[in-house]
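Structure record follows, encoded as structure tokens.
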Amino acid sequence: MPHPAPLYRNHVLLLSQSFFIKDNRAELLLHAHKYDFDILFFDDVSRFVDAVAHDGGDNLYVIDLDALHNLQADMPDGRRTLLLGELLQRLPGDHSYIYLQSARQGSRFMLQQRLVDSHCLAYAEKPIANDVLVDKLFKLFVQKKRGDPVRMVVLGDAVLDDAALLARGVEVLRHQDAQTLHLRVKELEPDLVLITDTEYGRTDAIVRVLQKNIEADPVREIALLQCRPDPALTRRALADGFDMVLANCEADLLAAQLVGRADKIRINKDLIGKDRATGLLNKVGLQKKAQGLIRRAAQEGRPLALGVIDIDKFKTINDTWGHHFGDIVIKRLSLSLSTQLGEHDLLSRFGGEEFVMVFWDCTREEGRRRLDALRQAFGAIPFEVGPGELRQFSFSGGVAAYPEYRSENELFLRADAMLYVAKQGGRNRICAEETALALA
């Protein structure tokens with residue numbers, strides 16, 4: 001039997017002689033697991049340094065400075081208390097670190113300067129509650145992760161190195177007609193819109209038309225590129241709804257500013273559109289992605305299949321073996337599904353034990369067969385519910401297809417209705433229109 005994939009894709013390596021963080025270790029782990037990462041505890045400097053040195057760099061490394069006076073190290077002159085300078089020298093220089101410190105330490109600016117100059121990713125002050133610390137660590141994982149490219153539409157003759165920006169995760173799309181910009185934005189759904197001051201001067205209603213659309217993406221930013229200083233123009237632009245005003249400086253400096261904004265946008269999109277416990281799309285993220293996929297299917301004449309699944313008798317699982325075990329079942333299901341989907345497919349944890357997926361270039365019957373294969377794969381996973389006691393679990397699902405149903409909402413409602421038929425028909429099965437008729 002193949003070894004199951006690790007439950008948590010990310011890890012935190014924590015160096016601390018004793019656990020000084022408010023609350024307790026078990027609770028910290030419980031919070032971390034709900035945010036899709038695990039914590040490995042170290043109370044020995046040499047083992048911590050060795051673990052960091054052999055790590056691939058995708059994890060986070062946390063050092064509790066308040067515990068340094070309790071930490072000892074094998075030094076040339078024997079075992080003695082480890083000093084901060086000695087610790088910083090021993091840490092691998094190709095990684096960045098998160099330092100936890102007391103309020104007294106945090107009040108010393110020279111200490112803060114020394115930390116931020118010593119491969120510091122972030123620092124935090126104690127006492128800090130477990131849920132707050134875990135939330136901060138999760139956001140650092142998001143910042144380290146390279147997400148989807150940020151799409152930027154440019155109106156006007158802005159001098160940009162499009163290829164260099166694309167290499168840094170910013171896709172540049174040019175548009176020349178101010179009066180049709182709102183249509184282009186609706187079609188492409190960019191994350192960033194850059195408008196030159198020349199175009200704004202010709203049609204100052206541009207940004208108001210974009211911002212007042214009720215369907216406007218709340219994460220989207222609209223920037224004015226100002227070629228020459230003009231305080232009056234800047235005030236008018238901000239009053240009209242521009243999110244920021246950028247000076248039209250040298251191309252590399254302008255690109256650096258745009259990349260910085262794109263990184264912030266990418267992080268906000270991940271925080272808004274991803275489920276923290278599984279890393280999958282949530283309802284918000286799925287809706288945006290699914291609508292884009294439907295538009296692409298319409299343009300290319302391709303079919304889509306949308307499936308809705310629900311873990312069978314999940315309340316019984318929670319009531320019998322506890323909510324922590326129920327979380328493990330959800331994690332294993334998300335891993336099982338994600339490893340078997342195509343590059344252009346979508347997968348979302350829609351809420352609780354319910355998941356939604358969209359299969360690209362897939363008919364209803366093909367979608368039903370693919371979802372049934374996923375059902376069988378999950379049903380074969382053994383879960384250890386007690387010492388030597390293994391159980392398998394199942395899910396039921398419903399499928400609907402585009403173009404029979406045209407919108408993301410219509411597809412979901414129809415697939416959800418088919419899920420209800422599957423549940424009523426005995427669970428552990430997948431229903432589409434034809435199978436529903438056969439069960440009737």
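Some observations on this one:
- Filter result for Ile328 (touching a helix residue (DSSP H, G or I) at 6+ places or on another chain (Cβ under 7 Å) and touching a residue at least 40 places away in the same chain (Cβ under 8 Å)): no
- Residue that is of a type in the set (Val, Ile, Thr) and within 34 Å of the chain's Cα centre (by Cα), where the choices are Thr180, Thr234: Thr180
For (1) more than 26 Å from Glu408 (Cβ to Cβ); (2) part of a strand (DSSP E or B); (3) among the aromatic types (Phe, Trp, Tyr), each residue gets a yes or a no:
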residue	(1), (2), (3)
Ala305	no, yes, no
Ile309	no, yes, no
Asp319	yes, no, no
Ile328	yes, no, no
Glu366	no, no, no
Arg369	no, no, no
Ile381	yes, no, no
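- Residues in the range 340-359 that are of a type in the set (A, V, I, L, M) and under 26 Å from Thr316 (Cβ atoms): Leu347, Val356, Met357.
- Selection from the range 246-268 of residues that are modelled with pLDDT under 85 and either in contact with a helix residue (DSSP H, G or I) (Cβ under 6 Å, 6 or more places away or on another chain) or charged (D, E, K, R) (or both): Glu250
- When restricted to residues that are over 29 Å from Ala290 (Cβ atoms), of a type in the set (Asp, Glu) and surrounded by 18 or more Cβ atoms within 10 Å (Cβ to Cβ), the range 189-215 contains 2.
- Scanning the range 125-156 for residues that are part of a strand (DSSP E or B) and touching a residue at least 40 places away in the same chain (Cβ under 8 Å), we see that the one that is nearest to the chain's Cα centre (by Cα) is Val150.
- Checking each residue in the range 135-173 for being of a type in the set (D, E, K, R) and touching a Ser or Thr at 6+ places or on another chain (Cβ under 7 Å) picks out only Asp157.
- Some residue of the range 264-285 being over 27 Å from the mean Cα position of the chain (by Cα) and either in a helix (DSSP H, G or I) or of a type in the set (Val, Ile, Thr) (or both): no
- Hey, Val159 surrounded by fewer than 19 Cβ atoms within 10 Å (Cβ to Cβ), part of a helix (DSSP H, G or I) and among the aliphatic types (A, V, I, L, M) or not: no
- Residue list for the range 48-65, restricted to those being of a type outside the set (A, V, I, L, M) and surrounded by 12 or more Cβ atoms within 10 Å (Cβ to Cβ): Phe48, Asp50, Asp55, Asn59, Tyr61, Asp64
- Across the range 229-269, the qualifying residues are those that are more than 18 Å from Ala167 (Cβ to Cβ) and touching a residue at least 60 places away in the same chain (Cβ under 8 Å), and the one among them that is surrounded by the most Cβ atoms within 10 Å (Cβ to Cβ) is Lys269.
- Conditions (1) buried (at least 17 other Cβ atoms within 10 Å of the Cβ); (2) among the hydroxyl-bearing types (Ser, Thr, Tyr); (3) at pLDDT below 95; (4) under 27 Å from Tyr35 (Cα atoms); number of the one not met by Ser348: (3)
- Scanning the range 374-403 for residues that are touching a Lys or Arg at 6+ places or on another chain (Cβ under 9 Å) and at pLDDT below 95 yields Ile381, Pro382, Phe383, Glu384, Val385.
The values are calculated or read from the model by the stated rules, or taken from the named source; none is laboratory data. Given the structure is predicted, the values throughout are model-derived calculations rather than measurements. Because the Cβ atoms are built from the backbone with ideal geometry, glycine has one as well, and the counts that use them run over all protein chains shown.
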